[in-house]
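Asker: Next up is a structure, given as structure tokens.
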Amino acid sequence: VAHNVSDTIASVSSVAFVDKDLDFDDLGGTIFWNEPVDMFHITYYLIYFAEDAIGGARYQHKRDVPALTAELTVPIDHSRNRSTHILVYTRSSLVEQTTPMPLLISDTHSFVLNIAFTDRDLDPYELGDAVTWHPPVIIGQVTHYAVYLSTTYVGHSHSQIETDVPVNASLDVLINPNQVLSQFSHIVIYTRSSLTEQTTPEYLQIVDRISNVTDVEFIDRDLDGTQLGGTITWAKVGDYNLVTHYAVYLSYLDYGGHYVGTDDNGAARSQVGFDVNFTIFELDIPPDHWHASNTHILVYTRSSLTEQTTPVSLNISDSDWSVSNVDFLDRDLDDNQLGGTITWEEPGEVDLVTHYAVYLADDAAGTGRSQVSVGVPYTTVTFSDSGTRTGFFARRH
């Protein structure tokens, strides 16, 4: 008896897989295929990873897939090991297909390039400025970038900077000034696909740039108490290239022993003059500058991003160099005429005193004064006068 044999061919077609796990040698996404035209004998599909197109060193991925279902998910971080192909087999109630439909695996590896960051917050243990990078060479599956501060180069204990950056946006994020460095040692950047964030980031080791002035000096040559005059000087900073200006303030100490110089409203400090160009290392305080209750001179460095938070300070030494015990006995016996010797006691310190200037005046404040003698370098002076002044006024030089 003869029987006509009908050879059933039931292979899938158009196997597709787009790797949305952006790490090298890791896969993630969904495998799709078109089912056979003849589905009469199909009960399941079996999906394998293999080292060639015919099933060498194959291993099955997950479970059998029931007929009429034409997809299977590959979870993120699935290591492909040495597999080069995805194989899709059909299966009947009797047996698994011998010759599968293969797909060459395309492992998407998308990592950023050329991460750059220069810390322009000039305080120790603080960061500030923009982080920049270049896009990956393979960018097709990248939708966003995520930038973090991290305690290691592989992203442990990380803290995100700003929010995710869209792939078509400007490739930078800003670390706001005064960001505390804490235990962070690296900047790490992950690429993101529509499925997941990259597991292994690209990284840049953080360099905390510190730019403090040194050797702040000031000698007060204004000899009045509560008034200052002279030149503030300082030495240039170590990280000189980041400094654009210096800013000098007068300020006072609060009860906690901290320099009050960072009040947002500026009420706690007053700037002396204007910002000083980074090539200049001195600033003049003009004579008769009233320092009120300020006790310290503060010198800040300034970058193109921000002013330093913690300045270098110098305690103000403001001595009163006034003479004392001014005495005069009029020995001219005519009415409205004076003659005799004015005497006084020198200040306790005379290091900065070069001369004494003696005036006749209408009152103790020096109103309507006229000088008796110019530049007296001694402790006494003799004069005669026919005016009608009622007081003496002494001034130090």
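The values are calculated or read from the model by the stated rules, or taken from the named source; none is laboratory data. As the structure is a computational prediction, the values presented were derived from the model and not from experiment. All Cβ positions, glycine included, derive from the backbone under ideal geometry; neighbour counts span all protein chains shown. The protein model used for the area step is the full one, side chains on, heavy atoms only, and it has no ligands, DNA or RNA in it. Shrake-Rupley method; radii C 1.70, N 1.55, O 1.52, S 1.80 Å.
Asker: Considering only region 171-193, I want to know if a residue exists there that is touching an Asp or Glu at 6+ places or on another chain (Cβ under 8 Å), hydroxyl-bearing (Ser, Thr, Tyr) and open to solvent by 50 Å² or more (accessible area, probe 1.4 Å).
Answerer: Checked region 171-193: no residue is touching an Asp or Glu at 6+ places or on another chain (Cβ under 8 Å), hydroxyl-bearing (Ser, Thr, Tyr) and open to solvent by 50 Å² or more (accessible area, probe 1.4 Å).
Asker: On to the next question. Give the residue, chosen from 324, 313, that is in contact with a strand residue (DSSP E or B) (Cβ under 8 Å, 6 or more places away or on another chain), more than 30 Å from residue 239 (Cβ to Cβ) and not aliphatic (A, V, I, L, M).
Answerer: So the residue among 324, 313 that is in contact with a strand residue (DSSP E or B) (Cβ under 8 Å, 6 or more places away or on another chain), more than 30 Å from residue 239 (Cβ to Cβ) and not aliphatic (A, V, I, L, M) is 324.
Asker: Has region 263-273 got any residue that is at pLDDT 95 or above and closer than 16 Å to residue 216 by Cα?
Answerer: no
Asker: Related question: Inspect all residues belonging to region 47-64 and state whether any of them is assigned to a loop (DSSP other than H, G, I, E, B), buried (at least 19 other Cβ atoms within 10 Å of the Cβ) and touching a Gly at 6+ places or on another chain (Cβ under 8 Å).
Answerer: Checked region 47-64: no residue is assigned to a loop (DSSP other than H, G, I, E, B), buried (at least 19 other Cβ atoms within 10 Å of the Cβ) and touching a Gly at 6+ places or on another chain (Cβ under 8 Å).
Asker: If you don't mind, another one. For region 123-168, which residues satisfy the criterion of being crowded, with 21+ Cβ neighbours inside 10 Å and acidic (Asp, Glu)?
Answerer: Residues satisfying the conditions are 123, 126, 129.
Asker: To continue, here is another question. Can you go through 301, 309 and tell me which one is assigned to a loop (DSSP other than H, G, I, E, B), of a type in the set (Ser, Thr, Tyr), at pLDDT 85 or above and open to solvent by less than 70 Å² (accessible area, probe 1.4 Å)?
Answerer: Answer to the selection: 309.
Asker: Still on this model: Evaluate the following for residue 120: is it in contact with a Ser or Thr (Cβ under 9 Å, 6 or more places away or on another chain) and either at pLDDT below 95 or not in a strand (DSSP E or B) (or both)?
Answerer: For residue 120, the condition - in contact with a Ser or Thr (Cβ under 9 Å, 6 or more places away or on another chain) and either at pLDDT below 95 or not in a strand (DSSP E or B) (or both) - is met.
Asker: Restricting to region 14-42, and then to whatever is among the polar types (S, T, N, Q) and open to solvent by 50 Å² or more (accessible area, probe 1.4 Å), can you tell me which residue is farthest from the chain's Cα centre (by Cα)?
Answerer: 34
Asker: Determine whether residue 44 is aromatic (Phe, Trp, Tyr) and in contact with a Phe, Trp or Tyr (Cβ under 8 Å, 6 or more places away or on another chain).
Answerer: Here the answer is no, as residue 44 does not meet what is asked.
Asker: Here's something else I'd like to know. Please determine whether any residue of region 287-295 is over 26 Å from the mean Cα position of the chain (by Cα), open to solvent by less than 60 Å² (accessible area, probe 1.4 Å), within 20 Å of residue 309 (Cβ to Cβ) and at pLDDT below 90.
Answerer: yes
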